[in-house]
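Working notes, structure below.
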Amino acid sequence: MAYELQEARRLVLEAGRRMQRDGLIARTWGNISARISETEMVITPSGRSYDSLVPEDIVRVNISDGTWAEETAAGRKPVKPSSEKLVHMAIYQERPGVNFIIHTHQAYASALGVLGRELGDPVMPCAGYGMNATRLLQENVAAAAKRHPEAPWVLMKNHGAVVFDSSYEAAAEDARALEMEARDEYRRLAGDVPDMSFGLTASETDGILRYQEKLSCQDVLPGLCVWKVTSPVVRAAARTGEPMPAYLDDMAQISGPVVACAEEQSWREEAEHRLGVEKDTALLIRGIGAVCAGANEEEAGAVAMVLEKNVLASLLAEKRRQEGEQVSVLDSRAAEEDRKSYLEHYSKLMH
């Protein structure tokens, strides 16, 4: 049964903050919607932090054509619906019993998506790659949902995942359950994974205290907050000294097609150039881990979360290629377009 308008907006806000607490989304990535009638939904706005939103910021959208109503609280600017509204529209059209949708960028489910195929039991369907906000992505997700009409989720190749169910409570549980299923499937395919700063393998507070250190960089990188990330999973990515491709499009958005790797003895000079001049947001350091930069602590931490997720995807791709499976990185042209779009429209990480 569809939600009443104000209840739907309240639950969408609650879901966004819950997903952040659970580490399933970071910063403004991900989006959430609720059905309010056969023809309308409400959805989170584009490029806005969940903590900054009020109920009136949750946008009412027509499910059939994507038009939206500009209804804002007094004194607040009008907002646009999430650029991923097409995916939500497609699912509501394909699944009449769905009343709540959560699009996440959760670590293990996102990493599994690089394989581009259906996995697991219960099955995790996978939609083919499509760039953000495109009809191709909409069509690919709808096709994957149609192939498995009982599945409450779809992996999105090189992107993330989307979960959907009859209610907020059910969809939120699905998101958590998907990450547990994905973690088990990941370990089956790639072996156990070293500890991360974030995710389900360590508590958020414990992970940050153990594996992240805020650096004082105002002398060489004014205006940036920089975290040094030393979690075992990031050190594993830096062990060869080679650059790491962007396997996930949010990594491509914030750091381009590849993440460079510096040698331990010269990493500070390389960081000054990469983060301060080239405007990269992450740099691997052989023997240490990585540094991640943003305009403030929250943004630098979000980069670290995305980096670790991309590392999971990279380690899985490396393992499967060793066993003869064809795993492609994110298309470099798509990565460049993603980054261009991000810098033009969404970037608050750069200065």
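The values are calculated or read from the model by the stated rules, or taken from the named source; none is laboratory data. A quick note: this is a predicted structure, and the numbers were derived from the prediction, not measured. Heads up, the Cβs are rebuilt from the backbone with ideal geometry, glycines too, and the neighbour counts pull from every protein chain shown. SASA here: full protein model, heavy atoms, side chains in, ligands and nucleic acids out. Shrake-Rupley method; radii C 1.70, N 1.55, O 1.52, S 1.80 Å.
For this structure, a couple of remarks:
- Going by accessible surface with a 1.4 Å probe and the largest first, THR281, THR240 read THR240, THR281.
- FRET efficiency estimate (nearest 0.05) - Cβ-Cβ, ARG17 to GLU318, R0 30 angstrom: 0.30
- Between the stretch 1-70 and the stretch 249-303, the Cα center-to-center distance that results, in Å: 32
- Where labels lie 7 Å past Cα in the beta-carbon direction, separation of GLU298 and ASP195 in nm: 2.8
- Distance (nanometres) between label positions extended 7 Å along Cα→Cβ at ARG268 and GLU4: 6.1
- Within the listed set PRO232, PRO125, PRO149, the Gaussian network model of the chain (springs between alpha-carbon atoms below 10 Å) gives the highest mean-square fluctuation for PRO149.
- Using a probe of 1.4 Å, the accessible surface attributed to TRP68 totals some 100 Å² when neighbouring protein chains are kept in position.
- Accessible area of the chain belonging to carbon and sulfur atoms, whole % at 1.4 Å probe: 48
- The slack in the chain from GLU278 to THR39, taken as 0.36 nm per residue of separation less the alpha-carbon distance, amounts to 81.4 nm.
- Probe 1.4 Å, protein heavy atoms only - accessible area per residue of the chain in square angstrom: 41
- Pair MET131, ARG187: separation of 7 Å Cα→Cβ label points (nm): 3.9
- You can think of it this way: the chain between GLU70 and SER328 has 88.8 nm of extra reach, that is 0.36 nm per residue less the Cα-Cα gap.
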